Amino acid sequence: MQLTEALTIIREHLSADLRLCRIRLITGFNPLHLKTFLQAHLQQRIPASQVVVLTDVYGDLTGAVERLQPSTVDMCAIALEWPDLDPRLGFRQLGGWGYRELADIAVDAQSKLVAIKESLENLPNHFPVALSLPALALPPVFYTPSWQLCGVEIGLRRAADELALWAAGRPNIRLVRSQRQPVDVRTPQAFDFKGELMAGLPYTIAHADQLAHAFALLLVPPVPKKGLITDLDDTLWAGIAGEVGPEAVSWDLDRKTQLHGLYQQLLHALADQGVLIGAASKNDPEVVEAVFRRTDIVLPRECVFPVEAHWNAKSESVTRILDTWNVHADSVVFVDDSASELAEVKATHPEMECIRFDPQDYREVHSLLYRLRDIFAKQTITQEDGLRRESLRAGSVFRKEALGPGVSHENFLRDAEARITFDFAAAANPRSLELVNKTNQFNLNGTRYNQTEWQDSFGGPNAFAVSASYRDKYGPLGVIAVLAGQASETAVTVNTWVMSCRAFGRRIEYQCLKAILDRFLAQEIVFEFSPTPRNEYLQESLKLFLREQPAGRFNISRAVFLDKCPKLYHEVEIHNE
Amino acid sequence: MKLKSIMNDLRQRLAQCFSLVFPDLKVPALYSASSSSVAAWDSLAAIILANVIEEEFQVKLDYDVLPELVSFDLIMNYLDSDDLNNDHPKSDYLKNNNGIS
């Protein structure tokens, strides 16, 4: 991003109507351009808010971290540099670079790092902090030649790394990973020597932009995609299985097809973290199954669901997989070696990200491995991530049996042995916010929250958040619904209500309403509803209680609910009432 | 006529730079802006303005010259002078770049 573009973005969002999102930027140096770029990058990530970046006095990073008051801002970014640990590790002070000073510098740096750690430790767990370790190289303070790594430097780096290691274990702190090796101070990419001496601006514009972008991604992370649909021949493995036979396709070093083995390995890792992996292949299904039966396969068959192997168009397969997963095309990536297949799928599902796997282009495949990691990257892996694949498989069985010949849907629900557990301490569960921020089809109003906004919404004495976990004889789904709002003596106002698409068709939504009516003994529920382009399922589910399609806030009284609610068969358990 | 048109183009593009850095400044005050007449024009704003001008005109404005560039007219004159440490002669540059903004 250029400075001009950054200023333009900021200017376009100067509006009194937008909610303010306040960021504290802490640096020991003048953060001039870093501040501008941080504001612009964050503004792009949260266009519905007006981002305001606040700074502290320069030259005292440790003190600024100590003074940080989480109640006054929504999040914080800290750019640590060597001079913050000891001014002699910079160029703006003349405190001495002699060998006699080294031991003292190391002690100083250590004590500053301890002070920073103590201040960070006092921040609440829900307060997001992005932290970057020193990105610029150390000045020529060591007596050893520049091509030799000095013990004191190792000690300084280790002390900073220890802070980083501790910070990485905190739920609220995210660390910037420098894309490059430590930047040489003499190279112009990151360090502006003249800027540092003339104006206290050590970062080049390009580096300020890069760091600000990293901060913005850490503070407002992109929503990870949910699934990946892969081609098989010449993508998941090398060779056309139908032509050379299931035993002759390969993915190993010996046959110079390791690229495919690495791709399988990555998909296996993604499946383990809850990413849905499906396959769409123009192939004989028997041949495909034979390849998956091979003992050396890296991506096991059970990680791939469903497998669409036939001779029809790829887009048909992709559509069926999306239906099985019940997810929207924009949450899914399609990978294929054929440009024409990619184009065919893209034409049917324009929102889907379609990526070419070209086994002839090693550099491209190498970059694809990292790209896929980023597309599906998560801050934490929850219990639900591990359940997702199995619950989808179970959901497919659920739907097949529910729609099977001679099966009454009512009897099917009655015999499903469903159990719902409501937890009224859901505000503190990270899964609740994750679900709120990624659910589209069953979402009361589409409002997304950052961690601070989410926690702040429970500030009042009557605020509540309840989650619902579900299991039936087909398996557990984990935490699949969250409701939040305020309860008064007569009414409950619900301003957040989401439910995972994996849980549709089980009448869980009605049990949720019953749970809050019972819990708060309310006579009505007020819904802070807004239609979104994607929340038709929620609207459909509530239609039976309403005379007309809602356009905004609406109520359902206890009497109407009890009168119209279909029969519920779930066994219900309440926690933290 | 051509020179006049180039000058107008340069003037407009410089005005856009000013408008980005000092959003409260409107035409025609913008064309007579100076560090003494614009309260927001401090040393940091001067650096931002210089960097925006660098991007817009693909030139390098050194820290050393910033103290001299304290008004719209002075910057305009500077951009129009041959003092710039630019690989391309400015007249050629302006002819070859019909507005990058």
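We did not get these values from a lab; they are worked out from the coordinates using the rules stated. Note that the structure is predicted; figures quoted are calculated from it, not measured. Heads up, the Cβs are rebuilt from the backbone with ideal geometry, glycines too, and the neighbour counts pull from every protein chain shown.
Projecting the Cα atoms of A:A465, A:L80, A:T4 onto the charge dipole of the protein assembly as shown, computed from C-beta unit charges around the Cα centre, puts A:A465 farthest toward the positive end. The calculated FRET efficiency for A:R419 paired with A:A463, based on their beta-carbon distance and R0 = 30 Å, is about 0.65.
Please label the shape of chain A as rounded, prolate or oblate, based on the square roots a ≥ b ≥ c of the eigenvalues of the alpha-carbon gyration tensor (a/c under 1.5 means rounded; beyond that, a/b larger than b/c means prolate, else oblate).
The shape class here is oblate.
Set Lys and Arg Cβ to +1 and Asp and Glu Cβ to -1, take the dipole of the range A:410-558 about its Cα centre, and tell me which of A:A515, A:C501, A:A426 lies farthest positive. Comparing the listed Cα positions along the dipole, A:C501 ranks first. Once you sort the root eigenvalues of the Cα gyration tensor of the range A:227-375 as a ≥ b ≥ c, which label holds: rounded (a/c under 1.5), prolate (a/b larger than b/c) or oblate (the other case)? Cα axes put the range A:227-375 in the rounded bin. Of all aspartates and glutamates in the structure, those lying under 19 Å Cα to Cα from A:K346, and not within fewer than 8 positions of it along the same chain, are A:D231, A:E308, A:E316, A:D323, A:D330, A:D336, A:D337, A:D358. Note on the range A:110-180 and the range A:64-88: Cα centroid distance 12 Å, given to the nearest whole angstrom. Classify the range A:441-577 as rounded, prolate or oblate from the Cα gyration tensor: take a ≥ b ≥ c as the square roots of its eigenvalues, call it rounded if a/c is under 1.5, otherwise prolate when a/b beats b/c and oblate if not. Since a/c stays below 1.5, the shape of the range A:441-577 is classed as rounded. In terms of packing, defined here as the mean over residues of other Cβ atoms within 10 angstrom, the peptides B:9-22, A:80-93 line up highest first as A:80-93, B:9-22. For A:K543, a cut-off of 17 angstrom between C-alpha atoms picks up these lysines, skipping any fewer than 8 places away in its own chain: A:K514, A:K564, A:K567.
If the chain linking A:N312 and A:E573 were pulled fully straight, counting 0.36 nm for each residue of separation and taking away their Cα-Cα distance, it would gain 89.3 nm.
I want the antiparallel fraction of DSSP beta bridges within the range A:127-277, as a percent rounded to 5.
20
One chain, two ends: B:S5 and B:A29. Fully extended at 0.36 nm per residue, the span grows by 6.5 nm beyond their Cα-Cα distance.
When A:I26, A:I321 are arranged by Cβ crowding within 10 Å, least crowded first, meaning fewest neighbours, the order is A:I321, A:I26. What separates the Cα centres of the range B:1-74 and the range A:198-212 is a distance of 21 Å. Label-to-label distance, A:V223 versus A:D272, with points set 7 angstrom from Cα along the beta-carbon direction: 2.8 nm. Between A:V114 and A:E12, the contour length at 0.36 nm per residue exceeds the alpha carbon distance by 32.6 nm. The value of relative contact order for the range A:3-219, using C-alpha pairs under 8 Å at least six residues apart, is 24 percent. Between the range A:442-487 and the range A:244-260, the C-alpha centres lie 47 angstrom from each other. Calculated mean residue ellipticity, 222 nm, chain A: -12000 deg cm²/dmol, from DSSP H runs (n ≥ 4) at -39500 (n - 2.57) each, averaged per residue and rounded to 500.
Here the range A:137-164 is scanned for amide nitrogen atoms under 11 Å from the site 7 Å beyond the Cα of A:E101 along Cα-to-Cβ, giving A:139-142. For the peptide A:2-8, the mean number of other protein chain Cβ atoms found within 10 angstrom of a residue's Cβ is 6. For the range A:292-334, backbone nitrogen atoms closer than 15 Å to the point 7 Å from A:T532 Cα along Cα-to-C-beta are found at A:327-331.
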